Structures are given as structure tokens and as C-alpha cells.
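> Pasting a structure here, questions to come.
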Amino acid sequence: GAGVSQSPRYKVAKRGQDVALRCDPISGHVSLFWYQQALGQGPEFLTYFQNEAQLDKSGLPSDRFFAERPEGSVSTLKIQRTQQEDSAVYLCASSLERYNEQFFGPGTRLTVL
Amino acid sequence: AQSVTQLDSQVPVFEEAPVELRCNYSSSVSVYLFWYVQYPNQGLQLLLKYLSGSTLVKGINGFEAEFNKSQTSFHLRKPSVHISDTAEYFCAVSVSNRDDKIIFGKGTRLHILP
């Protein structure tokens, strides 16, 4: 079956631009996670949804970062007024229930010039 | 708070030789432990996980790991590596029965030499 998909796979933005990154989780998966992976580092947690409820956003680095999952399936991570330090791979993961295995998408590589 | 330390950023090993990738974690509560693999330009794939029970965990592609609570370690091993094992390997933890987020180490790049 289809795995987690993310789009776009690559995004180049000029500093100050707004970007929107999309995640399509595995159908039926309740939990959805966003992680940020800087070059040469491990992924770092950003935020977590259970269905449409955002239960944890403690990892969002600033108020320029915003995530939503309005219908409990597709999620969008929005970054406003992008900065160079936002350059990273943004990973999305989904799981069937809490505490289950998280399945990761291929990521979106964001480059801010 | 939980943390994960992968001491080796790169590990070179000859093909068909054994390999051990080291992982130590820190937590004041019980944890789940994971090893993920990331092949070039691909997403993270779960190799194996320890939730409870037997401390020796077997995963995909011939990998295994042993949970050692007293040493707070979860080292990954493979008796004979193949060129296709070239990838980045991440050790990770999450708090048992409560937290959902996964805390990752910085990764170890496994470089297979011909």
C-alpha cells in the first residue's frame, strides 16, 4: 500500500518568503508527527497531532512555524518569513495509534537563500 | 528529559566484517528504544525496536540490538555487513506508555569498504 507522502520534495525559498509543506499520512493513521532534520543531525521533533487535535507543539522553534490538520488526515506545515536557519529536511511520520511504530515520509528539503 | 548519544559519527568497516554501532541513552523513566536507517535520499525506516521483554531484539536485514539497562545502552550489531548496508543509522528513544515524540541521536554513518 501507499506510504507517507510529502510534497514538494524540494523547495527553494528566498529569505522572507512564506512556504507550505504538505504531508499525506497513511490512510487511517490517527497520529501524525513533524520533525526537522538539519544537515548532519538527527531529526528533531516539531509537533504532533492525534486526528485533528494538535496535542504537542513544544518543538516548534518560533511563532513563524504553524501546523494544521483540519480534517484529521492531510497536514500542512507553514513557515512564515523564512530565515536561512530554517533550511533543513522536514520529515512527516504517521502511526496507527499512540505508541505504535511511526512510518516516515521521504521528507521535504527546504533551502532558504 | 531524554537524550541519546551516538559516539561515533562515522564507522568504516570492510565488507563481510562484523560491525557494532554504539548508542547510549539518558532517561529517568522507562523508555522504548529504536534503531532507524536512512538510505541516501530516502526516508527513515525502522530497523528494530525494544518495547519490553527479551533484551535481545532482532530486526530486518540481519541486524540485532541488545538493551542493557544498567549501562543505559542499546548497541546495534550485524555479524557480516554488505555494501548495501551503507547508510546513516539513528538510535532513538521515546518515553514508555506516555509520550509519542521520538528523540533521535545525531546518527552514525556506516561506510562499507570493498
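> Give the residue that is least open to solvent (accessible area, probe 1.4 Å), with candidates limited to residues of region A:78-107 that are within 11 Å of chain B (Cβ to nearest Cβ) and among the hydroxyl-bearing types (Ser, Thr, Tyr).
Only one residue fits best here, namely A:95.
> Could you figure out which of (1) under 12 Å from the mean Cα position of the chain (by Cα); (2) of a type in the set (Lys, Arg); (3) farther than 30 Å from residue A:9 by Cα isn't true of residue B:69?
Condition (1) is where residue B:69 drops out.
> Quick check on region A:41-77: of everything there that is hydroxyl-bearing (Ser, Thr, Tyr) and within 11 Å of chain B (Cβ to nearest Cβ), which residue is most open to solvent (accessible area, probe 1.4 Å)?
A:58
> Residue A:56 versus (1) under 11 Å from the mean Cα position of the chain (by Cα); (2) farther than 13 Å from residue A:91 by Cα: which is the lone unmet condition?
Condition (1) is where residue A:56 drops out.
> Residue A:32 passes all but one of (1) assigned to a strand (DSSP E or B); (2) open to solvent by 30 Å² or more (accessible area, probe 1.4 Å); which number fails?
The failed condition is (2).
> Follow-up question, since we're still on this one. Restricting the search to region B:32-58, which residues are open to solvent by less than 30 Å² (accessible area, probe 1.4 Å) and either without any contact (Cβ under 8 Å) to a residue 60 or more places away in the chain or on the phi > 0 side of the Ramachandran plot (or both)?
Correct list: B:35, B:37, B:43, B:44, B:46, B:47, B:48, B:50, B:57.
> Restricting to region B:11-31, what's the tally of residues that are open to solvent by 30 Å² or more (accessible area, probe 1.4 Å) and not in a strand (DSSP E or B)?
Within region B:11-31, residues that are open to solvent by 30 Å² or more (accessible area, probe 1.4 Å) and not in a strand (DSSP E or B) number 8.
The values are calculated or read from the model by the stated rules, or taken from the named source; none is laboratory data. Here the structure is a predicted model, which is why all the values come from computation and not from measurement. Note: ideal-geometry Cβ built from the backbone for every residue, glycine included; neighbour counts use all protein chains shown. Just so you know, the surface numbers come from the protein's heavy atoms only, side chains and all, with ligands and any DNA or RNA stripped out. Shrake-Rupley method; radii C 1.70, N 1.55, O 1.52, S 1.80 Å.
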